[in-house]
Amino acid sequence: MKSRRAILPLLITLVATTAFTQSRHSDRGESATAGAVLSVVASRNDKKTDPIRVENLDLYENGVEQKINNFVADPSPSRIVILVDKSQTLQTTVDKMKEAAMQFAYEIYDGDQIFTLAYDQKPEIVEEWTDDPKKMEAAFGTFRKKGNPYLFDSIDLTIDQVIQPLMPGTRKTALVIISDGLDRGSKITFEKVLNELLARDIVVYSLQIPDRTGGAYRRDQPKPKEVVEELAEKTGGKVFDFADAETAAKTICDELRKNRYLLSYQPLDASSYDARRLLLLASNGIDVRIKAAQPPNVKVN
């Protein structure tokens, strides 16, 4: 049975030190000699009840087929991090953002927990790990829109301070971003934060708010809509319409509990200095999603 929950502020500023960030960035990826593990979303669309097995899958790195060692369902509890844009010019109301975030509390399963943050120039804790609806609902009491959206910096700090401490013991983590994808002022680039998500095997889901810029050209980064789409699709996640947050929350929570698998394999290229493109193919009647690439095997100082 699902736990029916309700969400979310005690706004406490997240602080990250340069030394901590540097140490995290130097620890990316997995040793090639130890093999690699991928989080996979897999489900049947053919109404069959047969379990999905290794023989139903083909994995490729940079076009080279890899030997899959194991493929097992992961029914363990989820750790869901919700990152909500609260910048001043966002084209929606505080009440609607609160309502969208609260949908996840209604849909989580027993054992799941949610950590909620809101960001403008920096991310701030709304409510720490909990499944208590009363705490989460009370926490949104001081939620206000202000400032500019430093989305990429906020994602980077969220990985550093909230998600990274869970690893390696907890693999089933998901980052849910409620935003239009606009970044205005971050020091970290889109490419770097995407690579960090890929290196940590963190799946991103997005509830996409209408673009406040109207699709305006962005010189040094993708347009907001493209940011939201790429973060989700390249990490093996999915984009949902902000206007249908209830469906989004149900789909995401169901997917995390029922359709998440762990795939292990031994990379054939044990000395790659570049990211390795991933492609996972499945037999007819099976849908699969994984992240777009693996980080380099060899660290460069």
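Laboratory data are not the source of any read-out in this text; all were calculated from the coordinates shown. This is a predicted model, so every value here is computed, not measured. Quick reminder, even Gly has a Cβ in these numbers, built from the backbone with ideal geometry, and neighbours come from all protein chains shown.
Need one word for region 158-246: rounded, prolate or oblate. Basis is the Cα gyration tensor (sqrt eigenvalues a ≥ b ≥ c); a/c below 1.5 gives rounded, then a/b vs b/c decides. Walk me through the intermediate numbers first.
Working: a/c = 2.26, a/b = 1.41, b/c = 1.60.
It is oblate, given that a/c is not under 1.5 and a/b is not larger than b/c.
Which length gain, in nm to one decimal place, applies between ARG277 and GLN113 when the Cα-Cα distance is subtracted from 0.36 nm times their residue separation? Spell out each step's value before the answer.
Details: separation 164, 0.36 × 164 = 59.04 nm, distance 3.17 nm.
Gain on extension, ARG277 to GLN113, equals 55.9 nm.
For ALA293, enumerate residues with amide H under 5 Å from its amide H, sequence gap 5+ or separate chain, H modeled in the peptide plane.
LEU278
ASP180's amide H: which non-local residues (gap 5+, or another chain) put their own amide H closer than 5 Å, with H modeled 1.01 Å from N in plane and none for Pro or chain starts?
So ASP180 has HN proximity to ILE209.
With only Lys, Arg, Asp and Glu charged, each at its Cβ (+1 for the first two, -1 for the last two), find how big the charge dipole of the chain is about the Cα centre; round to the nearest 20 debye.
For the chain, the charge dipole is close to 260 debye.
Rank ALA248, ALA101, PHE143 by how far each Cα sits towards the positive end of the charge dipole of the chain (+1 on Lys, Arg Cβ; -1 on Asp, Glu Cβ) and give me just the farthest.
Final value for the positive-end residue is PHE143.
Suppose every K and R has +1 on its Cβ and every D and E has -1 on its Cβ; what is the size of the dipole of region 39-142 about the Cα centre, in Debye to the nearest 20?
Details: 12 positive and 20 negative charges, 24 e Å.
My answer is approximately 120 debye.
Place a +1 charge on the Cβ of each Lys and Arg in region 81-144 and a -1 charge on the Cβ of each Asp and Glu, then give the dipole magnitude about the Cα centre in debye, rounded to the nearest 20. Please list the in-between numbers first.
Numbers: 7 positive and 13 negative charges, 73 e Å.
About 340 debye.
From the phi angles alone, apply the Karplus equation (6.51, -1.76, 1.60; θ = phi - 60°) to region 216-231 and give each ³J(HN,Hα) in whole Hz, x where the residue is Gly or Pro.
These are the phi-based 3J(HN,Hα) values: 4, 5, 10, 5, 10, 7, x, 4, x, 4, 5, 4, 4, 5, 5, 4 Hz.
What does the net charge come to around GLY185 if you take all other residues with beta carbon closer than 12 Å to its beta carbon, with K and R at +1 and D and E at -1?
Numbers: positive: LYS122, ARG184, LYS187; negative: ASP120, ASP153, ASP183, ASP220.
Charge balance near GLY185 sits at -1.
Please compare each pair in LYS98/LYS145; LYS96/LYS187; LYS86/LYS172 to a cut-off of 21 Å on the Cα-Cα distance and tell me which ones are over it. Mind dumping the intermediate values first?
On the way: LYS98/LYS145 12 Å; LYS96/LYS187 29 Å; LYS86/LYS172 26 Å.
Violating the 21 Å limit, Cα to Cα: LYS96/LYS187; LYS86/LYS172.
Kindly put ILE52, ILE108 in sequence by how many other C-beta atoms sit within 10 Å of each C-beta, fewest to most.
On the way: ILE52 21, ILE108 25.
By the 10 Å Cβ count, ascending: ILE52, ILE108.
If I model a spin label at GLN266 and TYR217 as a point 7 Å from the Cα along the Cα→Cβ vector, what separation in nanometres do I get?
Computed distance between label sites GLN266 and TYR217 equals 5.2 nm.
If we count other beta carbons within 10 Å of each Cβ, what is the order of SER179, SER283, SER186, fewest first?
The order, fewest Cβ neighbours first, is SER283, SER186, SER179.
If you take the charge dipole of the chain about its Cα centre, with +1 on Lys and Arg Cβ and -1 on Asp and Glu Cβ, which of GLN161, SER264, THR173 is farthest toward its positive end?
GLN161
Between region 141-193 and region 243-258, how far is it from one alpha carbon centroid to the other, in angstrom?
20 Å
With Cα extents along the principal axes in Å defined as stated, name the option among (i) 107, 38, 28; (ii) 49, 46, 40; (iii) 51, 48, 36 computed from the structure displayed.
Of the listed options (i) 107, 38, 28; (ii) 49, 46, 40; (iii) 51, 48, 36, (iii) comes from this structure.
Within 10 Å of each residue's Cβ, count the other Cβ atoms and sort ASP220, ASP112, ASP131, ASP254 from fewest upward. Could you put the intermediate results ahead of the total?
Details: ASP220 7, ASP112 22, ASP131 17, ASP254 14.
Ascending Cβ contact count within 10 Å gives the list ASP220, ASP254, ASP131, ASP112.
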